[in-house]
Amino acid sequence: MADKRFFDKAGPFSLKDIVARINCTVSDETRLSLIVTDVAPLDSAGPATLSFLFNRRYKATLDQTKAGAVLLTQQDAPHLPESAIGLISNDPYYDFAKVSQLFYPEPVVEAQIHPTAHIEETAQIDSSVRLEAGCSIGDHVVLGAGVVIGANSVIERGVTIGANTRIGPNVYIGYADIGEGCRIHSGARIGTRGFGFAMSPKGHLDIPQTGRVQIGSFVEIGANTAIDRGMGPDTIIGDGCKIDNLVQIGHNVVMGRGCVLAGQAGVAGSTKLGNFVACGAQSGIAGHLTIGDGAQIAAKSGVIGDVGPGEKVGGYPATSMRQWLKQHAFVATLMRKGRNKE
């Protein structure tokens, strides 16, 4: 159960209302009057709680759950205890996310400008904006309706931020345009100087980074992530991307829609990611590459060549998942034979 000090819970809701929201099939429609008070994992759920099963590893927990209702696939439904109502879904995890948002919606923004916020006269700020303690808003900044700027964050001159975007504390944003409904978490650095210079024995000479960062709508950027502005062309992050904490995105990178980058991933300059590319934690992608739509890169992989649409790669240097697994099996066999000879 969520700690009431930190989270405000909505509800309760009838199971009938929940089913209408996610449009699933019910195992027993005579029990739609059940009142659901919360969501919880299978092992801690109670009779008035809704839970879910999407990972088969937890299948053993299903027949012991005390949950009043469980989201699950048709395949897993026979293992549901009689005390629980089955909500049959093609994607239980996605539907559980919908229900969770119903119980735990984001707090409503209360318009406020803290007395310690610094705002330049030329900034255009909607009347519904919330500016928290110590934040700084530069010349000609444009903040749309419902924008939140967290404590001590700095928004440099000329930046535009779309409606209902929320910026956490201690964030820096410069040389950037940000869309609607984004979530940028504490400590993120957006629009910092790209890593561009001419190397020479006479000394390394900086190349002015005159591009911007263009971030689409409904993008999430994790804590302490850095996104460099472009050198001339822009760095572009497409709509709906999910970027985890401690990620580095270099100058001129272009990411399509719905890309997912897990923690400590890095994308070097001028690389292009298609739509819905997924990069595992601590994976690294070299510069000037093309990663096709729907490609998947395993955690800790090092990508030094182009990856085609839909390909799954892993290892260093990254190769197809099939080849990578074969290599691992081959090395393991050699090691086992070596030990046997000893």
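Applying the condition of being within 26 Å of the chain's Cα centre (by Cα) and at pLDDT below 90 to the range 45-59 and asking which residue is surrounded by the most Cβ atoms within 10 Å (Cβ to Cβ) yields 54. Scan the range 181-226 for residues that are polar (S, T, N, Q) and either touching a His at 6+ places or on another chain (Cβ under 9 Å) or not assigned by TED's automatic domain parsing to the domain that holds residue 254 (or both) and the total you get is 3. Just one of the numbered conditions (1) within 15 Å of residue 225 (Cβ to Cβ); (2) out of contact with any Gly (no Cβ under 8 Å at 6 or more places or on another chain); (3) of a type in the set (Gly, Ala, Ser) is not true of residue 153: (2). Could you tell me whether residue 127 is hydroxyl-bearing (Ser, Thr, Tyr) and in the same structural domain as residue 26 (by TED's automatic domain parsing)? Criteria not met by residue 127. Within the range 27-44, restricting attention to residues that are in contact with a Leu (Cβ under 8 Å, 6 or more places away or on another chain) and touching a residue at least 40 places away in the same chain (Cβ under 8 Å), the residue that is surrounded by the most Cβ atoms within 10 Å (Cβ to Cβ) is 39.
Looking at residue 17, is it in a loop (DSSP other than H, G, I, E, B), acidic (Asp, Glu), within 29 Å of the chain's Cα centre (by Cα) and in the same structural domain as residue 81 (by TED's automatic domain parsing)? No; evaluated as a whole, the condition is false for this residue.
Out of 190, 227, one residue alone is of a type in the set (A, V, I, L, M), over 17 Å from residue 141 (Cα atoms) and assigned to a strand (DSSP E or B). It is 227.
Being surrounded by fewer than 17 Cβ atoms within 10 Å (Cβ to Cβ) and either out of contact with any His (no Cβ under 6 Å at 6 or more places or on another chain) or polar (S, T, N, Q) (or both) is not true of residue 244. Put simply, of 263, 274 the only residue that is surrounded by 18 or more Cβ atoms within 10 Å (Cβ to Cβ) and in contact (Cβ under 8 Å) with a residue 24 or more places away in the chain is 274.
The values are calculated or read from the model by the stated rules, or taken from the named source; none is laboratory data. Note that this is a predicted model, so its numbers are computed, not measured. Methodologically, a virtual Cβ is constructed for each residue, glycine included, from the backbone with ideal geometry; neighbour enumeration extends over all protein chains shown.
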